[in-house]
Amino acid sequence: ALAVAGAAVTRRRMRLLRLQQKSVGRGRQGPALRASAQLDQDTPSGTSSDGPPAPWSYDHREIEARWQEFWEEDQTFLTPERKSDSKRPKKYILDMFPYPSGQGLHVGHPLGYTATDVFARFYRALGYDVLHPMGWDAFGLPAEQYAIQTGQHPADTTRRNIDTFRRQLKSLGFSYDWKREFATIDEGYVKWTQWIFLQLFKKDLAFQTEKPVNWCEALGTVLANEEVIDGKSERGDHPVTRLPVRQWILKIGLYSDKLLADLEDVDWPSGTVDMQKAWIGESVGASITFEVKAAEGSEAALSGEELKLEVFTTRPDTIFGVTHVVLAPEHPLAQKICSPSLAEEANTYIDATAQRSDRDREITSKASSGKPLGASVIHPLTSEELPVWIADYVLGSYGTGAVMSVPAHDDRDLTFAKVNGLPTDRVVVAPSKGKAPEGDVDEAMTDPGISCNSADPAFDALPTKEMKKRVIEALTKLGAGYGKVQYRLSDWLFSRQRYWGEPIPIYFPCKPDVGDGADPDDFDPRRGDPAIVDYSMPIAVEEAELPLKLPPMEDFSPAGDAQGKLATALEWRFFQKDGEWFARETNTMPQWAGSCWYYLRYCDPFNEAELVSPEAENAWMPVDLYMGGKEHAVLHLLYARFWHKVLYEIGAVSTKEPFQKLVHQGLILGSDGEKMSKSRGNVVNPDDITEEFGADALRLYEMSMGPLESAKPWQTEQISGVVRFRDRVYKLCEKANAETKLDQETEVLVHKSIKAITEQTEGLAFNNAITTLIVLSKSLEKLGGQDAGVPLEGAEILVRLVEPYAPHLAEECWQHLLGKSGSVSRTPWPELKEELCVEDEITIPVQVNGRATREAISVKKDATADDVKAAALAVEKVQRLVEGKEIKKLIYVP
């Protein structure tokens, strides 16, 4: 065994040696051998002494392919083994999980990948342990739809797409640790996704309910509100209806306070933080209870049932302005308390509203339509009877599904009141007005102010803040309310009715459906015998039995009912255990599931016994830089944070937040300024760019286009600028000479460049760093025009600074033009001489009688106060201003 292992190592070393020799064979001598050579800058690279001159050319195809092969053979970018108590600093640099579509990458995709690669290479050079992995978000509806259309299994098409994406990413020279690669469809990964679901189930954070959902018959699945636009599916533009369907729900709402509070601990774009806060939707106010008086003849009235209605409001100070109460049409009390004479119209309205998604109602409802129920509620402080209505602008999924309507102080309430002839009572007035104006309310007064027109004079003339406090105290004393913080965040509708997703690891008891003809003595639901599944008794799959795999199926088309496609896989769905029959859950998980925790698996991808070992998690978490598009600013980040907090509570992770720093790269638009899409015909394939210009040119161009977070249009013709820079660096290194030394001016520029590029790269100002590199290369190019050639020290530093941005170029220059051994990727970042970056002179503005003269003086940094004063008095404009006058005081502020 030792002999075989030794032979393998020897073969690998010989392979690397051959790769290096292959490059040396086409390269030039190292600078030590060429120290006294006469360099002719007018002779282009590629000419021969015994043949006609040929145009100089940098063969990017051959060079880049060779170094990519070298990195793979050398395993240059393997993640170092790291202990939790390691003294070395670390950087965990992560791209948002890509979904490998059949179209492959366009040039917009590598923007973020290039940025994180620059960052990873930079921090490796600084001596950090770096984790920079890549994998694939591979389940989901797009892959299933493609499989249906082409008649191929989604596993096959997805694996092919992954191969395409991997090839494209490798062709760009990204320094991922490919040994840690995985896809969410891998059985070893599915196992732990299902394990996390079981932890949620055990903590009572996963439950079943039947609720109206967006059902798409054509897609055969439930869609989230965000996936429905104008009553049709976002994908495919298919009709969507609202149906009551049994669903799995995750109680993300219970974590609203933690999800909100812990945003203070992360370094995220302010816009993303604001979007998360808005989605969570914290509201501070009061819960108020109204006694319900059901309409005569209604179900509730006939049963004699005593009912109460809870509402939440952020403006309890306006309670004396309530003129009616509005329920969501889907509120459970709506039909129960409705008058029989109004029931037909109310039920028609309820049914129509049920066909619309919450998102549609939020966007399109104008707070004008509604129906009276003929019931009323009793005001808790005045005992006045207030009518009850239903209206589609109130959502059953938000809060209690009921609002106390104060038309004079809420825009939507005012619109509704005016349309439906309901009263509007002013109870807050602006402090400057003193008392409420008379007459109709034309515009709602929504700002804080002074209370007025209260039924109890003790509540009048109070500022809004004090009025809120007094009202809550009064309600609490009566047992009719209390102060409350409420969140808008709804629980997560988790289950999907499609095939291509992780099976939910739950099963249920089942028995023969005798009423439908099943024979209890010869019952086998796998044959199609009618069965009754007891969904009220969910049973968790044993952890030792994970992963629960998908059954092999040839037909992935929608099943046509809400049980999902897996319900047709009878051999898989039904099984016996201890003589009893059981039925597996036929819903699958959403695509979000696999992308909720992948960052943890990268820390310990080969662990079969644990989600992630405590040592690996402590060694690498949290993610230090997380980069991805703004389109994931809410849901993905919110869901991942929720799962992470649950894992934190059960001790599986040690951090409260998974992503410490978040950056959204901007869009690369088509040359027409529009978002790239096949329909617009403005998509640019990176394969075409790398073929014509090279991977380094693509990387340099994308990093130089402008600020990383900004949107910018693609202009292929502008790539020539970075190609010239690449070629200039190569030619400089060809002319590197060990005997030529940096002059003082160039040495200062070199070290100022080191300082600037370090700061610019740390700050993700990659476009500025490339500008600095170009300036430095041009300065060194001028030296290369001299007979002595380019100083070797300057060339070496330039190559090390270039490496994060153009790694193939850097590797070629480092090993084959400069004669260095070993990969430049393992070479430390250039050491900075701070003393060379200190400015010798400083600029000081001059004022006379406190007024700026628009003049400034330049003096040595160590100049004395007398020297500075003398220089100021020597300025011609200052002399004119003080001529003939006595200078009473001359002040110098160092």
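Largest accessible area first, the listed residues R82, R584, R851 line up as R851, R584, R82 when surface is computed with a 1.4 Å probe on the assembled protein chains. The angle between the Cα long axis of helix 340-354 and the longest principal axis of the Cα atoms of the chain comes to about 20 degrees, rounded to the nearest 10. The length gained on full extension between E554 and D265, counted as 0.36 nm times the residue separation minus their Cα-Cα distance, comes to 99.2 nm. The list (i) 45; (ii) 41; (iii) 27 gives values of percent of Cα pairs over 47 Å apart, and only one came from this structure; which label was calculated from it? Correct label, based on the coordinates given: (i). Using 0.36 nm per residue and subtracting the Cα-Cα separation, the extra length available between K778 and L342 on full extension is 148.6 nm.
Projecting label points 7 angstrom from Cα along Cα→Cβ for N225 and T241 puts them 2.3 nm apart.
Applying 1/(1 + (r/R0)^6) with R0 = 35 Å to the Cβ-Cβ distance of V419 and D456 gives a FRET efficiency near 0.70.
For GluC sites (Glu not before Pro), the sites in the stretch 776-883 that DSSP calls loop and that have at most 15 other Cβ atoms within 10 Å are E831, E839, E883.
For the stretch 262-333, relative contact order (Cα pairs under 8 Å, six or more residues apart, normalised by length) works out to 29 percent. K741 contributes about 150 Å² of solvent-accessible surface, heavy atoms of the protein only, 1.4 Å probe.
In the chain the longest region clear of chymotrypsin sites (Phe, Trp or Tyr not before Pro) that are loop-assigned by DSSP and have at most 15 other C-beta atoms within 10 Å covers 57-534.
So what's the back-of-envelope 222 nm ellipticity for the chain, counting only DSSP H runs of four-plus at -39500 (n - 2.57) apiece and dividing by all residues, rounded to 500? Helices in the chain give a 222 nm mean residue ellipticity of -10500 deg cm²/dmol.
Once the Cα-Cα distance is subtracted from the 0.36 nm per residue extended length, the I887 to A540 segment shows a gain of 115.8 nm.
Rg and Dmax of the stretch 172-285, based on Cα coordinates, read 18.8, 55 Å. Taking the Cα atoms only, what angle lies between the long axis of helix 110-125 and the longest principal axis of the chain, rounded to 10 degrees? The helix 110-125 is inclined about 60 degrees to the chain.
Counting only residues at least eight positions apart within a chain, or on another chain, the lysines with an alpha carbon under 30 Å from that of K549 are K179, K191, K202, K203, K211, K251, K511, K565, K577, K645.
So, in the stretch 392-510, how many Lys pairs have Cα atoms under 22 Å apart, if the pair is 8 or more places apart or on different chains? Lysine pairs, 8 or more places apart or on different chains, close enough: 11. Given a Förster radius of 45 Å and the C-beta distance between S397 and D519 as r, what FRET efficiency does 1/(1 + (r/R0)^6) yield to the nearest 0.05? For R0 = 45 Å, the calculated efficiency reads 0.55. For the chain, the longest principal axis of the Cα atoms and the long axis of helix 141-150 meet at an angle of about 90 degrees. The simple Förster model, with R0 at 22 Å and r as the Cβ-Cβ distance, assigns E841 and D743 a FRET efficiency of 0.70. Distance between the modelled labels on D447 and R488, one decimal in nanometres: 2.3 nm (7 Å Cα→Cβ projection). The distance between label points at E187 and A856 comes to 7.0 nm (points 7 Å beyond Cα on the Cα→Cβ vector). Per residue, how large is the accessible surface of the chain? Use a 1.4 angstrom probe and give square angstrom. Accessible area per residue, the chain: 46 Å².
Is there a pair in K778/K869; K170/K232; K661/K752 whose C-alpha atoms are over 32 Å apart, and which pairs would that be? Correct reply: K778/K869; K170/K232. Among the cysteines of the chain, C216, C338, C452, C510, C596, C603, C837 have no other cysteine beta carbon within less than 4.7 Å of their own.
Amide H contacts of D524: D529, each under 5 Å away and 5 or more positions distant or on a separate chain (H built 1.01 Å from N in the peptide plane; Pro and chain starts excluded). Surface calculation, 1.4 Å probe, protein heavy atoms: T348 sits at approximately 90 Å² accessible.
Which residues among the stretch 573-593 fall inside the zone where the amide N is under 17 Å from a point 7 Å beyond the Cα of E210, along Cα→Cβ? Only 586-587 pass the distance filter. Would you please name the trypsin sites (Lys or Arg not before Pro) within the stretch 373-462 that are DSSP coil residues with at most 15 other C-beta atoms within 10 Å of their C-beta? Loop-located and lightly packed - K433, K435.
Taking GluC sites (Glu not before Pro) across the stretch 53-123, the ones in a DSSP loop with at most 11 further Cβ atoms lying within 10 angstrom of their Cβ are E81. Output the relative contact order of the chain, whole-number percent, from Cα pairs under 8 angstrom with separation of 6+ residues. That works out to 15 percent.
Counting only protein chain heavy atoms and rolling a 1.4 Å probe, the accessible areas of C813, C837 rank, largest first, as C837, C813. Could you check how much of the accessible area of the chain is carbon and sulfur, as a whole percent, using a 1.4 Å probe? Exposed carbon and sulfur together represent 49 percent of the surface.
The values are calculated or read from the model by the stated rules, or taken from the named source; none is laboratory data. Just so it is clear, the structure is predicted and the values come from calculations on it, not from any experiment. Cβ sites come from the backbone with ideal geometry, for glycine too, and all protein chains shown count toward neighbours. SASA here: full protein model, heavy atoms, side chains in, ligands and nucleic acids out. Shrake-Rupley method; radii C 1.70, N 1.55, O 1.52, S 1.80 Å.
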